[in-house]
Amino acid sequence: MNPPNWLETFLHDLRFGIRMLRKSPGLTVVALLSLALGIGATTAIFSVVDGVLISPYPYARPNEIWAPGIQDAKDPNSVRPNCHLSEYLEIAKLPAVSMAMATSPATQLLTGGRAPENFTAISVTANAFQFLGVAPVLGRTILPSDVSPGGQPEPVVVLSYQAWQRLFDASPDALGKTIVLNDLPLTVIGVMPPRFGWWTSDGGWLPLALDLHADPFVFPILRLKPGVSKAAAEQQYAALEQRLAHDHPGNFPKDGFLAKLTNYMDITVASGEMESSLRLLFGAVGFLLLIACANVANLQTTRATARAKEIALRLSVGATRARVVVQLLTENMILGLAGGALGVLLAKAITRAIEYLMPVFYVPNEARITVNGLVLWFSLGISLATGILFGLVPALQCSRLDLVETLKDSARGTGLTSAGSRTRRLLVVAAVALSVILLMGASLTIRGFENLQHVDLGFQPDRVLMVGLQLPAGRYPTYERRVTFARQVLEQVRAIPGAQAAAIGNGGLPFGGPQSDYSIEGQPQAGGHSILVGLISPEYQRTLGIPLLSGRAFTDQEMAHADHVALVNQAAAKLWTAREGAVGGRIRLGLLTQPLGIPVAPGASDGVFTVVGVLGNTRNDGPARPPLPAVFIPYTLAAPTGRTLAVRTRGDPMLLLNAVRRVVRDADKDLPLGRPITLEEVMGQATVQPRFNVALFSFFGFLGLALGAAGIFSLLSYSVATRTHEIGIRMALGAERKVVLRLMLAAGGRLVLAGTLTGLAGTFLLGRILRSEVFQVPVTDPLSILGVVTVLGVAGFLACLVPARRASRLDPMNALRDQ
């Protein structure tokens, strides 16, 4: 059976196209390398986008998961994602909800014949694994039968894959074994797959106790019934929350609120800075791919010029224009697919490098970045699209040849030369312009990162060791025991040789902390505004190197008695409008007037504090953002289970780590330290996202520069080859070699100048996008523009120099004889 005509034609075109590409191996190799770079970079970024943004979760239908939250009516950025257990149970009963689950994260003490360590124990409602739709790799998950009708959970635990490997060496015999968390033995009933990471990738999951008496905070999520819209569900949710706010006004914002449902895919840790970075990087590699396409289109136009007589002959003996276009496009598609295949190999290496550079805390722990089936289909589509994109213009030009002129022996292909020359020049200008935009993106991110590195933090991060202390609630149930432990550890750490100062607290060390509404005595209430609250010890400002601008610090007596005194930063001091300033003023913190769910000092719920001093501003909202108003109160006013210990040392802070461990071990031999870290490391983590942007924008920018320079080089080389006869005549008539050199350099320089000016015009828009999307960068930065113009000028000059020198060294007699 003979193949159909179309298949036979296609196979013929395929064989012919491969044969023609093999006839000019130099052009083919350059085109393949250009395409491999462009397609490889684009595929690599798409694999990251797919793994981090498109499908980061292994859960069943993650795009159908909704997170309810309460948004402050006057502060859209203030959203409460959690609620009381009793509130969650009401949400689960809404007619629009088909299923709901709740999560309560905690850190518990792992003991029981093991070295004590902090273990991430995530309590979940009994239907959680059914809700998430992921089966275990070993054993079973938590079932409704693991919670009694009275709400008491069974002592069972499901381990993460990493915890199973670490604690039981990945042995199947782990099922039925026991681990001890907060002195409670728990039976291991299952192990989840490697990619399952609900709130932890190295911990475990416990059944949540339905204790309405304690009514703890939980984080709810839900699925809607089929056919129920988000708007309809939000109406029901808002009605419920309005009723609950009427019954329990203290649990809701005082100035009103909005009940919102947010899709779970919109609240990943990659949302925000990482999502913006990946979106911009995807645009950057799109520019890189266009530069590669422009270069290959230039090469293909050059090849078409050389083949003009052959194509004209085919047209003259009866070939249709459509047939010629299809043949040439087939040739280009072969080139595109071969470049795509090389690009996929390159993409695997680039993907591994990007994964290494990515800050892990900006990526969901469930995400896996791989060159998977979807990525391969994307690469195939890009390869075919580029084959059409860079091949269409040369193919159409070839199909419109002037047959008579082209077939004349003396014409030397002029049927295509004029239009081809204009096209080649335009393609080089476009490639240079795109290179300028990529280089400006890299330059602006570098300048922004440099600015970030020189921000005045307001504190001194050098020589400060920080460790976390997590007390088991069962062994430390009361305010007195928790405060006594903290005080004992703090006093002994201060006495360690080599320790200059030590502080303990919650929040404000030096970032973040809980937020509270507030009112200042004698002034109108600040509706809709909040202030950061830090619980600190007397040596807080000395430990972190924060200046005391006015007033005084806390005394040991005030700390011991949990007196209602406060320090404020400069941003908060400006809230006092009276001429005498903040010192001596009184501020009421709404946070302390509400149930905190932790033991507090007697009288703490009064919430009124006298300001005794003003501290300098610190970058408490990250180094890229301005300081937020903050108030600091004695840490002895409240006693949570977790605290942070900071120690300023005379030398290397890590040298005091063992001494700090001994102090904690003397206070409680079963209590581990949290992961030790220096304050300089914390600051390094704060800049890792900008560092990631700088690395990738710079890499893609210089790839674009290399491709742009290659385009200039190829065009001028071809120009020298086609103008050999003209150059020979000029030199025979007396033109000096330096004149020819200037002539060719000027020809390339005009292209570089036109591309540079075109590219700079687009950088103003780019600067505004980078400023709003990534991090603080200057919109127009003369130094960046000067740097880009210099780099591009040098690269363009070198690209022009080689073919220009070749033209200037031509022997006039040989040039005239060869033509």
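The values are calculated or read from the model by the stated rules, or taken from the named source; none is laboratory data. Keep in mind that what you see is a predicted model, and the values were worked out from it rather than measured. All Cβ positions, even for glycine, are placed from backbone atoms using ideal geometry, and neighbour counts span all protein chains on display. What goes into the accessible areas is simple: the full protein's heavy atoms, side chains included, and nothing from ligands, DNA or RNA. Shrake-Rupley method; radii C 1.70, N 1.55, O 1.52, S 1.80 Å.
Looking at the range 248-272, I want the residues that are within 21 Å of residue 216 (Cα to Cα) and have a partner that is in a loop (DSSP other than H, G, I, E, B) with Cβ atoms under 7 Å, at least 6 apart or on another chain. Which pairs are those?
Within 7 Å, the pairs are 250/594; 253/73.
Name every residue in the range 550-569 that is out of contact with any helix residue (DSSP H, G or I) (no Cβ under 7 Å at 6 or more places or on another chain) and under 10 Å from residue 613 (Cα atoms), in order of residue number.
550, 551, 552, 554, 566, 567, 568, 569
What are the residues in the range 620-648 that are assigned to a loop (DSSP other than H, G, I, E, B) and farther than 23 Å from residue 518 by Cβ, if any?
If the condition is that a residue be assigned to a loop (DSSP other than H, G, I, E, B) and farther than 23 Å from residue 518 by Cβ, then 623, 624, 641 are the ones that fit.
Can you tell me how many residues within the range 84-112 are assigned to a loop (DSSP other than H, G, I, E, B) and under 18 Å from residue 475 (Cα atoms)?
Going through the range 84-112 one residue at a time, the tally reaches 1.
Being in contact (Cβ under 8 Å) with a residue 40 or more places away in the chain, outside any helix (DSSP H, G or I), within 30 Å of residue 687 (Cα to Cα) and out of contact with any strand residue (DSSP E or B) (no Cβ under 9 Å at 6 or more places or on another chain): is that true of residue 457 here?
Yes.
Being in contact (Cβ under 8 Å) with a residue 60 or more places away in the chain and part of a helix (DSSP H, G or I) is the requirement here; does residue 473 meet it?
no
If we keep just the residues of the range 585-598 that are in a loop (DSSP other than H, G, I, E, B) and closer than 18 Å to residue 513 by Cα, which is modelled with the lowest pLDDT?
595
Among the candidates 478, 543, single out the residue that is modelled with pLDDT of 90 or more, hydroxyl-bearing (Ser, Thr, Tyr) and open to solvent by 30 Å² or more (accessible area, probe 1.4 Å).
478
Residue 280 fails exactly one of the following numbered conditions: (1) open to solvent by less than 20 Å² (accessible area, probe 1.4 Å); (2) at pLDDT 75 or above. What is the number of that condition?
Single failed check for residue 280: (1).
Being under 28 Å from residue 137 (Cβ atoms), surrounded by 22 or more Cβ atoms within 10 Å (Cβ to Cβ), of a type in the set (Gly, Ala, Ser) and out of contact with any Cys (no Cβ under 8 Å at 6 or more places or on another chain) is true for just one of 171, 160. Which residue is that?
160
Give just the number: which of (1) modelled with pLDDT of 95 or more; (2) surrounded by fewer than 21 Cβ atoms within 10 Å (Cβ to Cβ) does residue 567 not satisfy?
With respect to (1) modelled with pLDDT of 95 or more; (2) surrounded by fewer than 21 Cβ atoms within 10 Å (Cβ to Cβ), residue 567 is out only on (2).
Report the residue count in the range 400-442 for those that are open to solvent by less than 70 Å² (accessible area, probe 1.4 Å), among the basic types (Lys, Arg) and at pLDDT below 55.
0
Any chance you could count how many residues in the range 771-819 are hydrophobic (A, V, I, L, M, F, W, C), under 30 Å from residue 274 (Cα atoms) and either open to solvent by 40 Å² or more (accessible area, probe 1.4 Å) or modelled with pLDDT under 70 (or both)?
9
Go through (1) open to solvent by less than 40 Å² (accessible area, probe 1.4 Å); (2) more than 14 Å from residue 206 (Cβ to Cβ) one by one and return the number of the condition residue 146 breaks.
The failed condition is (2).
Of the residues in the range 179-220, how many are assigned to a loop (DSSP other than H, G, I, E, B), under 22 Å from residue 149 (Cα atoms) and open to solvent by less than 30 Å² (accessible area, probe 1.4 Å)?
Matching residues across the range 179-220 total 1.
Restricting attention to the range 667-681, report how many residues are part of a strand (DSSP E or B) and among the acidic types (Asp, Glu).
Result for the range 667-681: 0.
In the range 182-220, which residues are under 24 Å from the mean Cα position of the chain (by Cα) and at pLDDT below 90?
Answer for the range 182-220, where residues must be under 24 Å from the mean Cα position of the chain (by Cα) and at pLDDT below 90: there is none.
Only one of (1) surrounded by fewer than 18 Cβ atoms within 10 Å (Cβ to Cβ); (2) within 28 Å of residue 583 (Cβ to Cβ) is not met by residue 632, so which one is it?
With (1) surrounded by fewer than 18 Cβ atoms within 10 Å (Cβ to Cβ); (2) within 28 Å of residue 583 (Cβ to Cβ) applied to residue 632, the lone miss is (1).
Out of everything in the range 79-98 that is small (Gly, Ala, Ser) and surrounded by fewer than 18 Cβ atoms within 10 Å (Cβ to Cβ), what residue ends up being modelled with the lowest pLDDT?
86
Conditions tested, residue by residue: (1) over 30 Å from residue 89 (Cβ atoms); (2) free of Cβ contacts under 8 Å to residues at least 60 places away in the same chain; (3) among the aliphatic types (A, V, I, L, M).
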residue: 140; (1), (2), (3): no, yes, no
residue: 145; (1), (2), (3): no, yes, no
residue: 154; (1), (2), (3): no, yes, no
residue: 166; (1), (2), (3): yes, yes, no
residue: 179; (1), (2), (3): no, no, yes
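List the number of the failed condition for residue 130; all other conditions in (1) touching a residue at least 60 places away in the same chain (Cβ under 8 Å); (2) assigned to a helix (DSSP H, G or I); (3) open to solvent by 50 Å² or more (accessible area, probe 1.4 Å) hold.
(1)
So, in the range 460-475, of the ones that are out of contact with any strand residue (DSSP E or B) (no Cβ under 6 Å at 6 or more places or on another chain) and over 30 Å from residue 619 (Cβ atoms), which residue ends up modelled with the highest pLDDT?
Taking the candidates together, the pick is 475.
Report yes if residue 691 is closer than 21 Å to residue 281 by Cα and open to solvent by 10 Å² or more (accessible area, probe 1.4 Å), otherwise no.
In short, yes.
For the range 38-52, check the following and say yes or no: at least one residue is open to solvent by 40 Å² or more (accessible area, probe 1.4 Å) and touching a Ser or Thr at 6+ places or on another chain (Cβ under 7 Å).
There is no residue in the range 38-52 that is open to solvent by 40 Å² or more (accessible area, probe 1.4 Å) and touching a Ser or Thr at 6+ places or on another chain (Cβ under 7 Å).
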